[in-house]
Structures are given as structure tokens and as C-alpha cells.
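This report refers to the structure that appears directly beneath it.
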Number of protein chains: 2
Amino acid sequence: VAPRIVVDAMGGDHAPEVVVEGAVHAARAGGVSLVLTGPEARIRPLATRFAGGEAPLQSLPIRFVDAPEVIGMEEQPVAAIRRKKQSSILVGLRLVRDNEADAFVSAGNTGAIMAAATLVLGRLPGVERPALAALLPTKDGTTVLVDVGANLDVKPQHLEQFAIMGACLMRAVRGIENPRVALLSIGEEEGKGNELLRRVHQDLKRAPVNFVGNVDGKDVFSGHADVIVTDGFTGNAILKSCESLVKELFALVRREIDGSLMARAGVLLMGPTLRRIGRRMDHSEHGGVPLLGVARPVFIGHGSSSAKSIRSAIFAAATFAERRVNEAIEEQVRQLALVAQEDGPAGEPHDAVASGDARKVRP
Amino acid sequence: VAPRIVVDAMGGDHAPEVVVEGAVHAARAGGVSLVLTGPEARIRPLATRFAGGEAPLQSLPIRFVDAPEVIGMEEQPVAAIRRKKQSSILVGLRLVRDNEADAFVSAGNTGAIMAAATLVLGRLPGVERPALAALLPTKDGTTVLVDVGANLDVKPQHLEQFAIMGACLMRAVRGIENPRVALLSIGEEEGKGNELLRRVHQDLKRAPVNFVGNVDGKDVFSGHADVIVTDGFTGNAILKSCESLVKELFALVRREIDGSLMARAGVLLMGPTLRRIGRRMDHSEHGGVPLLGVARPVFIGHGSSSAKSIRSAIFAAATFAERRVNEAIEEQVRQLALVAQEDGPAGEPHDAVASGDARKVRP
């Protein structure tokens, strides 16, 4: 059976047009069945147009569930979800909660989606803090950075859970048997960082993950780790500054090239190569970031999502649901709790040397 | 009189060769006089070689001060500066302290330089925490990010002082009359972020700087602010991840181009354009980051500094000394303290509305 994905038709700076367009493309590509939430009178005509008519639309696996309210991109999240019970976000999440669908995708107000998802779907058993996981392109593959914005203030056990969840994601979705997990610090040595980081370093050594130690910012794109764990403030700053850097760099290249006839001729020759490079750096290829730790799959797209990004996010959510990432997270978080129990009461600083490496799953 | 710059000949991954080479280039270019610290028997022959002989070396404004010990790049900073009193770092800083030179430049162990500079030179009056300031290229100019690694844990008053120091730097060195200062947050709205960020936002509103509000990571390269203030952990992560992104991106472009004859022909045509772009992204153009808040000018270069980076860092340090950045910081920090006094006891949350904008220097 094809995964059933709810798409918030009203989420994103260019909603509902690009969202509906992306959904139609995904439905045509096959392998998913879609539910679009939003004001039906507004989104059904768009879908008809993008599908090429009533009849072609009816042949596609798309249905509509009316949600008259819309939460704006700049609304205060908690107030908005309290007030707008019939918004496309809440209506959509309830469909997933009631098992009428398998996953939820939105490029809308990130804060509202996170708050609503936690409220409506709940957290996976044992998970203290859901976290956003961004897949970043590296030299040879992909590194997942967790958290990129859900938690500004974190405790050691939160970072440990981010490590577990990130590893489950990479295993299930990327097929990496034993993902290398690293802690973002300000240098690679074990003793570096502040008290929190030193504590987490020790904790991760005994957590049921393949902990490879500290990395610093220069390893975010080097591919030295499959999972990099940090707080949501730092992760968000890295993600957004790097996106902005790529954008400005491409704009700079465009400006410089436009000013030179020779360079423009050169670009013509380089066409296919430049397109390959552009594709690799284009976040629409990834589509969205999963909100790890909530009880059902939730993907949040970039506010500026294009139709292509929406399509990618839909398939990413389908894969996440099919590969049962949440079941894996639940199981691993349970194992982590057992390790913590054996080590003594939570909150006690551990002694790295005394505990040994017996409980680690390092290969 | 040309500024007298001490250069730690033993600092950096490729020291002493590239450091001495960069110093000889700077001395030849003129406008500075240099003191090289390090094991003289090792560095003088290098300088002779790069200068092209004994006679040409003697015509250059370079002198040597013997420092037999070397602090390695990976040594534990505090232990190293305690043990190696005759290291090139400590000998060099003492020359600046004793007014035998005007500034200190090193591409060595960052932690050791920071600790030694604070110990030997002391802080400027009123400055609580020295901070590293990185100049980043933006669309139309430069943004300075403070702190990029000196302080992992910060208090509101530290971030305020970073704002003051960054603004003084941009005013003195870049000639920006009234630098726009922004606070790095996770969204632009005033109410976003955690308690610390909300508090700092209110404090910066009444600080003697041109505070333009919150920015998030996407503004680091957009040029929307001249100074962006954040904690050293986040700033370090941004700086290093972006450096790594550029490096991997250039490597990707190179690999893709090598695989295509057409693309290689295109690159030939684009030569001058690509070189212009590369120069703009190349950190060796900036050379080093100033350690703001210590009593005398100190520049720290990238560990992987080339001769060109060293040369750039020497001239950046000379400009910093000539433009009297430290005098400006001292004066502004004094003003900040006056504002805080008028507003009531330190540590009290301020009321933004009540205080008005009278004490702001916004144009």
C-alpha cells in the first residue's frame, strides 16, 4: 500500500500555488497517495488546473479535506494553534493522529507546526524533546545535523537523544549500518568545550550509538561523521548561514559572469557541469527536515519552498514512514534509558573510565 | 612612524617557513617595522633566504628577538603558557606590553594566544571578556561576527560589550560612521529566542550603539548588519562550517570540471572572473581575527595560514594600531557603563519603553 501523506496546502511563502503544484507532481510520479488540507474552494481549482482538468485530477491519488483557517508564516505559534483549530495544520495533523494518513508535510510556520505536532501527535515514548534534523550534502554523501531549531536550550540527555534519533534516521533512510555520531564542539579534543559539552561527551561514549568523538564546524561538510549533534540555536545558525553563503556566492558568480563576455562564453561550455553542482547544493532536492521524536512522521519544508521542494518533501516523508524510522527511534531510546539506569540515577555525572566500553555498539 | 609589529615566527601549521616568508613580504611592501620572535638560529637563516641574502635582509625593517621555546598547536593552552615562559608567544607579547612594539600577530595555538594575551597585556578598562572578531565578506562589503571562539558561555553584559567592540572596529577600520549592530537569534522578531536573547535585545536597545534588532543565520552574509553579535560557540561553528562549505564547494567544482573537456575549456575562458571570485572568498585576504578587548592589539591568524595570510594579518594589525581602535573601545565601554548605571543596578531587567531612545546614537 502506498504511504498516505497529508500535505498542508496553505504552508509556505508561495502557498497555496506551489504547494498544490508540487503535490500534483508527486501524485503523478506515483507511489504515494495524498490528502490536501486547506480551504477546499481555493485549493481544488488549483489542483484541477495543475492536473490539466477535472478528469485527470480524478485519476490522481489526491483527496481534499477542507480546513477553512490558515496560520500565517509570522503568527505567534502557540496563540495561533490555540485560536485556529480548523487551520490546515491542525486539521492535517489530526488526520495523521487518527490514522487516516501516515505522515504530515508542511512548509508553513515552523514554530506552529512543531508546537501543534507535539500537542496533537504526542512524543514517542521516552523522547523528551523533539528535534529538527537537516540533511546536509558532504563530499561523498550526506551528514545529518540535529537539532537545527527546535530547542534553544538543551540538557545533556536531550543531546544524547538527538544522537540516537539522528542515527536511526541515517540507518533507516540512508542505509548506513552503523552511523558515525559526533558531538559539535570547538575543537576535537575530548577536554574541549564547556561543562555541558564535556558531560555529553562522556555520556555519548556509553550511549548505544557509534560515537566517534568531538568535531568542530569545519567537519560539518567534510563527511567525517554521519550524524552531528548540537543545540538548536547553533544548528539553526549553521544551517541558515550556510544557505545564505551559497545563495550569495551564486549571486556573486552570476554578477561577475554577466560583466564579462568571455566568462559568459565559458559558462555556456560549462553548462551541464554547473547544473550538476547546482543540483547538489539545492535544498529543494532534500525538500524538508523531519521533526524527530514526535509519534508520527512530520516533515517541515523551507518557507520559500518551490513546487520541486514540496514534491521532494512528500517523497522524503513517504520513505520515512515506510522505513519505520519512528519504531527504530522508540526502540533505541528504550535502550538508552536502560544504559542510563545501569549507570546510576539520572543527573549524576558518569565516570568514563570505570564504566568501560562494554555497552557500546561500536563495530 | 611605521607601526611596530611583533610576529610570532613559530605560530601556525606551516611555521616557521611561511610565517617568515610572509613577514619578509610585508617588510618589503613597507609601512611597518617587524620584530620576529622564535629560535633565532632557526628563523634568521629563513629570513635571509626569503630576503635574497644577508645584505637585502639588513635593508629590511626586520629585527629578531630570540625565543627558544615553542608552544605546539595542540598543547593545552594554560599549561603551555605556564611552562614555556620563553616561548615565541610570551616573548612577543612582553615586547608589546613593554611598549617595544605596537601589536602582536600569531597564527599559533589560539587558546594559548588568548590566555597569554589576557595574562600579559591585561584587558582594556571595563572590558569583562575579550572576544574574537571575524570579518566576513558580504554582497557589498564586510560584516564582523563577534565572538567566534573566545567565550563559550556568555552573559548579557558580555554580548553588549561584544556589540560595542565590534562597532568600534568597523568604525575605525572600515570607516563606517554608525555601524548597524544586530543580535543573532533564531528569527527576526523581538520576542524570539530564549530568555538570554530577549534580555540582551532589550539591553542593546539602550546601549550606545546603532542596534537594528535581531537577525538570523541567513543574514550573516546578506550585509543587513555591519556587526553581528553572538556567543563564541555559535560564532565559531558558523565561521568554521562556512569555511568548510566553501572549501568543499570549490573541491566539488574542481572535480566536476576535471571530468569534462568542455567544462575545462569553459574555465579557461572564465579565468579572470573565477580568480576575482576566489579572491573574495579567500580568508588569506583577511589574514587574521583581532582579539578585541585586550589592552594592546593582538591578531590571531588561521592555523593553516599561508605567507599571504601572514602578510595580510601584519597589515591588518598595523591598521588596527594606527586607527586607535582600542582607545575607541575604552571610551565606548565607559559610556556603556554610564548608561547601565543610570538604568539602575546591573542585573536588573530594564524596561525598554520607559527608558526611551534618548541615549541612543542612532542617526
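Quick note: the coordinates plus some simple rules give every number you see, no bench work behind them. None of the values given here were measured: they were computed from a predicted structure. Here the Cβ positions follow ideal geometry from the backbone for every residue, glycine too, while neighbour counts run over all protein chains shown.
Things to note:
- Value of [θ]222 nm, deg cm²/dmol, for chain A, DSSP H segments ≥ 4, -39500 (n - 2.57) each, nearest 500: -15500 deg cm²/dmol
- The calculated FRET efficiency for B:Thr142 paired with B:Lys308, based on their beta-carbon distance and R0 = 22 Å, is about 0.75.
- Top positive-direction residue, dipole computed over the stretch A:34-190 with Cβ charges, set A:Gln76, A:Phe104, A:Gln58: A:Gln58
- Under 10 Å, Cβ to Cβ, from A:Val144 - net charge with Lys/Arg +1 and Asp/Glu -1: 0
- Close amide-amide hydrogen proximity is noted between A:Thr143 and A:Leu136, A:Thr138, each under 5 Å apart and 5 or more residues distant or on a separate chain (H modeled in the peptide plane; Pro and chain starts excluded).
- Local electrostatic count at B:Pro61 - Lys and Arg +1, Asp and Glu -1, tallied over other residues with Cβ under 12 Å: +3
- Cβ-based exposure ranking for A:Lys84, B:Lys155, in which fewest neighbours within 10 Å come first: B:Lys155, A:Lys84
- Simple Cβ-charge dipole of chain B, Lys/Arg +1 and Asp/Glu -1, about Cα centre, in debye nearest 20: 880
- Residue of A:Asp98, A:Asp147, A:Asp66 that the Gaussian network model of chain A assigns the largest fluctuation, springs spanning Cα pairs under 10 Å: A:Asp98
- Bridgeable aspartates and glutamates around B:Lys308 (alpha carbons under 13 Å apart, same-chain partners fewer than 8 residues away excluded): B:Glu17, B:Glu21, B:Asp282, B:Glu285.
- Look at the alpha carbon pairs under 8 Å that are at least 6 residues apart: their mean separation over the length of the stretch A:90-130 gives a relative contact order of 42 percent.
- Placing a label point 7 Å from the Cα of B:Arg123 along the Cα-to-Cβ direction, the distances to the matching points in the other copies come to 3.7 nm, shortest first.
- Span-rule helices in chain A, defined as complete DSSP H runs reaching 15 Å or more along the axis (Cα) with Kyte mean at least 1.6: A:110-121
- Descending principal axes extents, the protein assembly as shown, alpha-carbon based, whole Å: 89, 63, 62
- Estimated inter-spin distance, B:Arg49 and B:Asp66, nm [label 7 Å along Cα→Cβ]: 2.1
- Across identical copies of the chain, B:Arg97 has label-point separations of 6.5 nm, listed in ascending order, with the point defined 7 angstrom from Cα along Cα→Cβ.
- Between copies, the label points at A:Asn178 (set 7 angstrom from Cα along Cα-to-Cβ) are spaced 6.2 nm, reported in nanometres from shortest to longest.
- B:Val298 long-range amide H proximity, modeled H, under 5 Å: B:Phe104, B:Leu291
- Those lysines that a straight Cα-Cα span of less than 19 Å connects to A:Lys218, excepting residues fewer than 8 apart in one chain: A:Lys139, A:Lys192, A:Lys240, B:Lys218, B:Lys240, B:Lys247
- Exposure proxy order (Cβ contacts within 10 Å, fewest to most) of A:Val339, A:Val7: A:Val339, A:Val7
- The calculated FRET efficiency for A:Asn99 paired with A:Arg123, based on their beta-carbon distance and R0 = 22 Å, is about 0.80.
- Computed over chain A: relative contact order in percent, which uses C-alpha pairs under 8 Å that are six or more apart: 22
- Nearest-0.05 FRET efficiency for A:Met262 and A:Ala79, computed from C-beta distance (R0 60 Å): 0.60
- Counted by Cβ distance under 12 Å from A:Asp219, the other residues give a net charge of 0, where Lys and Arg count +1 and Asp and Glu count -1.
- Average other protein chain Cβ within 10 Å of Cβ, residues B:245-257: 5
- Amide proton proximity set for A:Phe211, modelled H, under 5 Å, gap of 5+: A:Val181
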